[in-house]
Amino acid sequence: MRRLILALSAGLMIAAVAPAGAQTVGFAEAIKMLSASCGKDIETYCKSATLANNGITQCLEQNQSKVSQKCNADRIVVISLIQERLAAQAAAPKECERDARQYCKGVAPGAGHLLRCLLKAEPSVSKKCNTAIDLAGYR
Amino acid sequence: MMKKTFLAAVSAAFILVPATGALAQTKLTRNEIINSLQGAQTEVNISADELQKAAIENIEKYPGANAPQSLPLADKLASLRQFNLEITFAFDSARIKPESYETVGLIADALHTPYLQGQTFFIVGHTDAKGPREYNLELSRKRAEAVREALVTTFRVPGQYLFAVGLGEEQLRDPSNPDAAVNRRVQLINIGYK
């Protein structure tokens, strides 16, 4: 329940400029919400839909008059949670560019070397970059 | 099991700092997947088409109820960074069941980290030895493709790094128990950097 409230509030905070305490959840966490809230409806109304191409969420939308209230609320939250995490991950390298240059000189990019360095340098790394790492789920 | 332990030992040098508030120990975590897959060195010279073809040829060359021997590429594959996952599909179908959405999401979580970004992965589907080999091969190929599609579309993992292959029952995990559930799996194999 607490997670749901968190998820809902995270959903409401879209487009807000990273307010203090904002957080995103991982893809597994997000999609788990879909199976938990909509699993029964999926097996009833979306027997031929697949997880690919948003087939499941589209099917649930088409059947919104029949699926449970909770599923109707959560299917929308799930989509925004996935989008938020994707956006956070896309933003992280830029948000940490300066810190990487300052604290990870000579570290070869790729294979997570820069991230490892930034995680190690956490106490010195800027708040902006540390927040970006948190939001990207990279910690 | 033996292989997993071995891989875990090899990856010791690369082990991640565990995430705070990690999930329960018994549950599969993103970091387990990362730890098993990361650390690929140079690119491996093997294509998904080549592997798919080898499995089909194995059936043509050695027909019969069960494959008499493993694929010629088996040793090469066994030496690569890899992870086995259990994903539940609807009976005789490539439709992923809701109970396995989370597992697919965990793969997405792992592949989206800088530790694994930019590396190429095979998503390999396997069945047990029940039923005809050709049928199993095709079903496992469709299932591997379904996992790939879900990762690429719903979770936006870049598609150019993911290749689906179906090996049916040609590469059993436990050849002494060909019908055992342990043989039904989706295997992620890190092919390295392009």
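The values are calculated or read from the model by the stated rules, or taken from the named source; none is laboratory data. This structure is a prediction, so every number in the text was calculated from the model and none was measured. Every residue, glycine among them, receives a Cβ derived from its backbone with ideal geometry; neighbour counts consider all protein chains shown.
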- Taking helices (runs of 4 or more DSSP H) that do not extend beyond region A:1-107, which have at least 3 residues that are closer than 27 Å to B:LEU111 by Cβ and at pLDDT 95 or above? A:27-45, A:55-62, A:69-95, A:97-103
- Query: Which ones in region A:108-117 are crowded, with 16+ Cβ neighbours inside 10 Å, facing chain B (nearest Cβ under 10 Å) and either over 23 Å from the mean Cα position of the chain (by Cα) or in a helix (DSSP H, G or I) (or both)?
  - Reply: A:LEU114, A:LEU115, A:ARG116
- Within the group B:ALA181, B:ALA146, B:ALA110, B:ALA164, which residue is more than 30 Å from A:PRO93 (Cα to Cα) and either touching a strand residue (DSSP E or B) at 6+ places or on another chain (Cβ under 8 Å) or modelled with pLDDT of 95 or more (or both)? B:ALA146
- Selection from region B:60-79 of residues that are modelled with pLDDT under 85 and surrounded by 11 or more Cβ atoms within 10 Å (Cβ to Cβ): B:ALA67, B:GLN69, B:SER70
- Item | B:THR103 vs. criteria closer than 30 Å to A:GLN89 by Cβ, more than 8 Å from chain A (Cβ to nearest Cβ) and either in a helix (DSSP H, G or I) or within 14 Å of the chain's Cα centre (by Cα) (or both) | no
- Message: For B:TYR161, only one of the following conditions fails: (1) more than 27 Å from A:ALA36 (Cβ to Cβ); (2) surrounded by 21 or more Cβ atoms within 10 Å (Cβ to Cβ). What is its number?
- Response: (2)
- Item | Answer residue from region A:119-139, given it is in contact with a Phe, Trp or Tyr (Cβ under 7 Å, 6 or more places away or on another chain) and either aliphatic (A, V, I, L, M) or within 17 Å of B:GLY39 (Cα to Cα) (or both) and is nearest to the other protein chains (Cβ to nearest Cβ) among those | A:ALA121
